[in-house]
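Take a look at the structure below.
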Amino acid sequence: MRKNTIKLAVLVAVVAAASGGAGYWVAVQREAPAQEAGAGPKVLYWYDPMVPNQHFDKPGKSPFMDMLLVPKYADEGGEAAGVKIDPSVVQNLGIRWATVEFGTLADTTDVAATVQLNERQVAIVQARSGGFVERVYARAPGDVIARGAPIVDLLVPDWAGAQHEFLALLRTGDPSLAQAARERLKLLGMPSELIARVEKTRQARPVVTISSPISGLIQTLDVRAGMSVGPGAPLFKINGLETVWLEAALPEAQAGQVAAKQGVEARLAAYPGDVFKGKVVAVLPEMNAESRTLRVRVELPNRDGRLKPGMFAQVRLDAGISQPVLLVPAEAVIRTGTRNVVLVELAGGRFQPVEVQLGKEAGGKVAVLSGLTKGQKVVASGQFLIDSEASLKGVMARMQEGSAATSGDKATALYEAVGKVESIKDGEITLSHGPVASLGWGAMTMPFKLARPDMAASLKPGDTVDFGFRQGDGGYVIEKLAKSGSRP
């Protein structure tokens, strides 16, 4: 009875194994005809997303890193076809599109500025002759006065004798002598108005009232009653207020967009809604080394005195009307730091990354100098999610390699990295290397071919090396190889 039980168990195991093998054979046989009959997508080749240009005719593990090869199906298009996203996924992502179109950008530049006094409207009054200050009118620095307002009464003793001599010569009736005396008074520093008054009243006036030659702000008042002053001593300084300056800090990148006599609009927080118009009077030649800004001097009329020194303003510099250019939304551009990329919509739900050269940016739009044509649709939002999908499928890597292959003299770029030797055999070396930023690689362990078999003669597993490699027809070939720290 026990022998019969053992025989029955063996028979069941054999039948099960045979059934499993037959099932596998049937599954294989079904899969092959299904692909041949077009029931499923045809696999063109397998590839590693990190090395998309290397194709394999059968599935398996990647020789470059610890991952399985990915199939490339016939309905995915060629390498230039971009990435395909399911329409339902596109809808869920909330993708927005924008059409590439011709337009003009507002050729303006907005910068911050500060109201300052116009240093070209300055009057400094000095004593023409030595004397004594008899009176200082009720003035102080910071006061705003009108033109002709009296400020200082100055007693000049030397003028008293000269005026009496002048009056005596007038009484002689000799015109030549009178004229000579009049010229002497002028040489003593006496104003023409005071000489005319002495001649008219026939009375000496050694005290002269010095008035403001312009209207404006008293900046300095250096005299007080009872002081003695010498010839040429400064009495006061007045700055005009009819016009003021705006000192604007212009970023270095925009320095070429501003020139003298350029129109300007200024807005101040103190006067919301009011626009003050002026012009650029000077672009100062010295760049601020710390802030990397250029000083631009703008002149604004200030006849009503509303603009006070020290006020902040927002200045808009108008460079005129720009030429029509291709425009896309600024948010549609993926800026990687080394290139600018936009995702163009293709037929069949495909998206193609395209490298573009950008121009000026203003008002949420950016000018495209090359890479796009009018009427194309670009992704304006959600492009980073599509970019992630494109990177997984190797589209961005192929684009990067294509850019390197067509730059300069179209020779393959030399990539450099640091790694550790894992093994050396048959003209091939396996390295564990760090990230290669120029290829978008992370840290990995992968084999490289040697340009010369003797390059690794002095190396052994565990050595740290500096190496440079290029992409060849059959993979990546090391052309420079040396132990770290051994290069000159």
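The values are calculated or read from the model by the stated rules, or taken from the named source; none is laboratory data. As the structure is a computational prediction, the values presented were derived from the model and not from experiment. All Cβ positions, even for glycine, are placed from backbone atoms using ideal geometry, and neighbour counts span all protein chains on display. To get the accessible areas, we keep the full protein, side chains included, count just its heavy atoms, and leave off ligands, DNA and RNA. Shrake-Rupley method; radii C 1.70, N 1.55, O 1.52, S 1.80 Å.
Restricting attention to the stretch 220-239, report how many residues are in a strand (DSSP E or B) and surrounded by 15 or more Cβ atoms within 10 Å (Cβ to Cβ).
7
Condition check ((1) more than 22 Å from residue 207 (Cβ to Cβ); (2) free of Cβ contacts under 8 Å to residues at least 40 places away in the same chain; (3) out of contact with any Ser or Thr (no Cβ under 9 Å at 6 or more places or on another chain)) across all residues:
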residue: 102; (1), (2), (3): yes, no, yes
residue: 120; (1), (2), (3): yes, yes, no
residue: 130; (1), (2), (3): no, no, no
residue: 161; (1), (2), (3): no, yes, yes
residue: 172; (1), (2), (3): yes, yes, yes
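Do you know which of the residues in the stretch 282-304 that are farther than 19 Å from residue 260 by Cα and over 23 Å from the mean Cα position of the chain (by Cα) is surrounded by the fewest Cβ atoms within 10 Å (Cβ to Cβ)?
If we take residues in the stretch 282-304 being farther than 19 Å from residue 260 by Cα and over 23 Å from the mean Cα position of the chain (by Cα), then 304 is surrounded by the fewest Cβ atoms within 10 Å (Cβ to Cβ).
Could you tell me whether residue 158 is among the acidic types (Asp, Glu), at pLDDT below 85 and not assigned by the TED database to the domain that holds residue 217?
Numbers: among the acidic types (Asp, Glu): yes; at pLDDT below 85: yes; not assigned by the TED database to the domain that holds residue 217: no.
No: the conditions fail for residue 158.
For the stretch 443-468, what are the residues that are outside any strand (DSSP E or B), in contact (Cβ under 8 Å) with a residue 40 or more places away in the chain and open to solvent by less than 60 Å² (accessible area, probe 1.4 Å)?
462, 463
What single numbered condition from (1) modelled with pLDDT of 85 or more; (2) in the same structural domain as residue 145 (by the TED database) fails to hold for residue 170?
Checking residue 170 against (1) modelled with pLDDT of 85 or more; (2) in the same structural domain as residue 145 (by the TED database), the one that fails is (1).
Select the strands (runs of 3 or more DSSP E) contained entirely in the stretch 260-320, then report the ones holding at least 3 residues which are free of Cβ contacts under 8 Å to residues at least 40 places away in the same chain.
Output list reads 276-288.
Please enumerate the residues belonging to the stretch 73-121 that are more than 19 Å from residue 329 (Cα to Cα) and modelled with pLDDT of 75 or more.
Answer for the stretch 73-121, where residues must be more than 19 Å from residue 329 (Cα to Cα) and modelled with pLDDT of 75 or more: 110, 111, 112, 113, 114, 115, 116, 117, 118, 119, 120, 121.
Which residues, counting only those in the stretch 330-344, are part of a strand (DSSP E or B) and surrounded by 17 or more Cβ atoms within 10 Å (Cβ to Cβ)?
Answer for the stretch 330-344, where residues must be part of a strand (DSSP E or B) and surrounded by 17 or more Cβ atoms within 10 Å (Cβ to Cβ): 334, 340, 341, 342, 343, 344.
Would you mention how many residues in the stretch 135-175 are open to solvent by 30 Å² or more (accessible area, probe 1.4 Å), outside any loop (DSSP other than H, G, I, E, B), among the charged types (D, E, K, R) and within 30 Å of residue 222 (Cβ to Cβ)?
2
Here's a check for you: in the stretch 406-439, which residue that is in contact with a Leu (Cβ under 8 Å, 6 or more places away or on another chain), at pLDDT 85 or above and not hydrophobic (A, V, I, L, M, F, W, C) is surrounded by the most Cβ atoms within 10 Å (Cβ to Cβ)?
419
Pick out the one residue from 247, 242 that is open to solvent by 50 Å² or more (accessible area, probe 1.4 Å) and in contact (Cβ under 8 Å) with a residue 12 or more places away in the chain.
None of the others qualify; the one that does is 242.
Testing residue 116 on (1) exposed (fewer than 13 other Cβ atoms within 10 Å of the Cβ); (2) not assigned by the TED database to the domain that holds residue 192, one condition comes back false. Which one is that?
Residue 116 satisfies all of (1) exposed (fewer than 13 other Cβ atoms within 10 Å of the Cβ); (2) not assigned by the TED database to the domain that holds residue 192 except (1).
For the stretch 258-279, check the following and say yes or no: at least one residue is closer than 30 Å to residue 98 by Cβ and either outside the structural domain of residue 380 (by the TED database) or open to solvent by less than 60 Å² (accessible area, probe 1.4 Å) (or both).
Start the filter on the stretch 258-279 by keeping residues that are closer than 30 Å to residue 98 by Cβ, which leaves 265.
The next check asks that each one be either outside the structural domain of residue 380 (by the TED database) or open to solvent by less than 60 Å² (accessible area, probe 1.4 Å) (or both); those that pass are 265.
So far as the stretch 258-279 goes, yes, one or more of its residues are closer than 30 Å to residue 98 by Cβ and either outside the structural domain of residue 380 (by the TED database) or open to solvent by less than 60 Å² (accessible area, probe 1.4 Å) (or both).
Going by what's in this entry, would residue 356 be described as within 28 Å of residue 252 (Cα to Cα), modelled with pLDDT of 85 or more and open to solvent by less than 70 Å² (accessible area, probe 1.4 Å)?
In short, yes.
Among the residues of the stretch 119-134, write down those that are open to solvent by less than 40 Å² (accessible area, probe 1.4 Å) and in a strand (DSSP E or B).
Passing the criteria: 123, 125, 131, 133.
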